[in-house]
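In what follows, a structure is listed as structure tokens, so that the remarks can point back to it.
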Amino acid sequence: MKILIDTYKNTGDIHHAYVLEGQAENIRDELFDFFKKHLKVSVTGNPDFWHSQYDTFAVDDARALREAQANKSLAGGRKIFVIETRGMTVEAQNSLLKVLEEPTAGTHIFIIIPSAEIILPTLRSRANVVSYREKGDENHEAKTFLKATIPERLEMVSDIIEEKDKAGAAVLLDGLIYELHAKPGNEKALKEILNSRMYINDRSPSLKLLLEHIACVLP
């Protein structure tokens, strides 16, 4: 939370929208501690504090947030909205564009998500993106996937498919894109991955179809 703390100490305020990428449980504890210690905002029993968790943040959820943030503060102070989600539909993100660009005065929105790559560029541009992902070899899984046999790849994606983990699927595909971009002669494979990546944020993508296809067609 250093960037939030430093921003607040230097300006007496914080940005109106943040995308925080990483493990939700770790970010949440630090973020709530920041609210309490620095902003003096209670995270319990506070009508101006809104915290919700989702598997996939859908357009109806976006509309509910949009309406809630439009209301005046009941306590006359800041309004804090914290969204924890593993994925967001394209429709939901488009619905939030105006909110993140021009939220109601005194409103601060925090989106906690495993990877900022899940967020559309148009939405990311309206927020401050802060990464809490572990440093080091962030593409280890992608490198392992590329070296694996087809049966091993299918085994690797089985948990993502079973858990319907759109965020995990997006992280894997983004890692594969990064790895293949660095090597010449992979244009066909890259096209296959980019096509699959495009469908990940759909309302109900077939992760089984997309990931098993990639497992079989990559060199």
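The values are calculated or read from the model by the stated rules, or taken from the named source; none is laboratory data. Just so you know, these numbers come straight off a predicted model, no measurement behind them. Methodologically, a virtual Cβ is constructed for each residue, glycine included, from the backbone with ideal geometry; neighbour enumeration extends over all protein chains shown.
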Exercise for the section: Kindly indicate the residue of the stretch 181-219 that is out of contact with any Asp or Glu (no Cβ under 7 Å at 6 or more places or on another chain) and closer than 17 Å to residue 149 by Cα and also surrounded by the most Cβ atoms within 10 Å (Cβ to Cβ) among those meeting that condition. Expected result: 211
Fill in the blank from the handout: Those strands (runs of 3 or more DSSP E) completely within the stretch 12-120 that have 2 or more residues that are farther than 28 Å from residue 205 by Cα and modelled with pLDDT of 90 or more are 49-54, 79-85, 107-113
Exercise for the section: Go through (1) over 18 Å from the mean Cα position of the chain (by Cα); (2) of a type in the set (Val, Ile, Thr); (3) closer than 26 Å to residue 94 by Cα and name the single condition residue 149 misses. Expected result: (3)
Exercise for the section: Collect the residues in the stretch 1-25 that are out of contact with any strand residue (DSSP E or B) (no Cβ under 9 Å at 6 or more places or on another chain), surrounded by 13 or more Cβ atoms within 10 Å (Cβ to Cβ) and either more than 16 Å from residue 106 (Cα to Cα) or of a type in the set (S, T, N, Q) (or both), keeping them in residue-number order. Expected result: 5
Handout entry: Selection from the stretch 121-133 of residues that are at pLDDT 90 or above and out of contact with any strand residue (DSSP E or B) (no Cβ under 7 Å at 6 or more places or on another chain)
Key = 122, 123, 125
Exercise for the section: List the number of the failed condition for residue 103; all other conditions in (1) over 19 Å from the mean Cα position of the chain (by Cα); (2) surrounded by fewer than 15 Cβ atoms within 10 Å (Cβ to Cβ) hold. Expected result: (2)
Exercise for the section: Residues being among the polar types (S, T, N, Q) and either out of contact with any strand residue (DSSP E or B) (no Cβ under 7 Å at 6 or more places or on another chain) or without any contact (Cβ under 8 Å) to a residue 24 or more places away in the chain (or both): count how many of those fall in the stretch 26-73. Expected result: 5
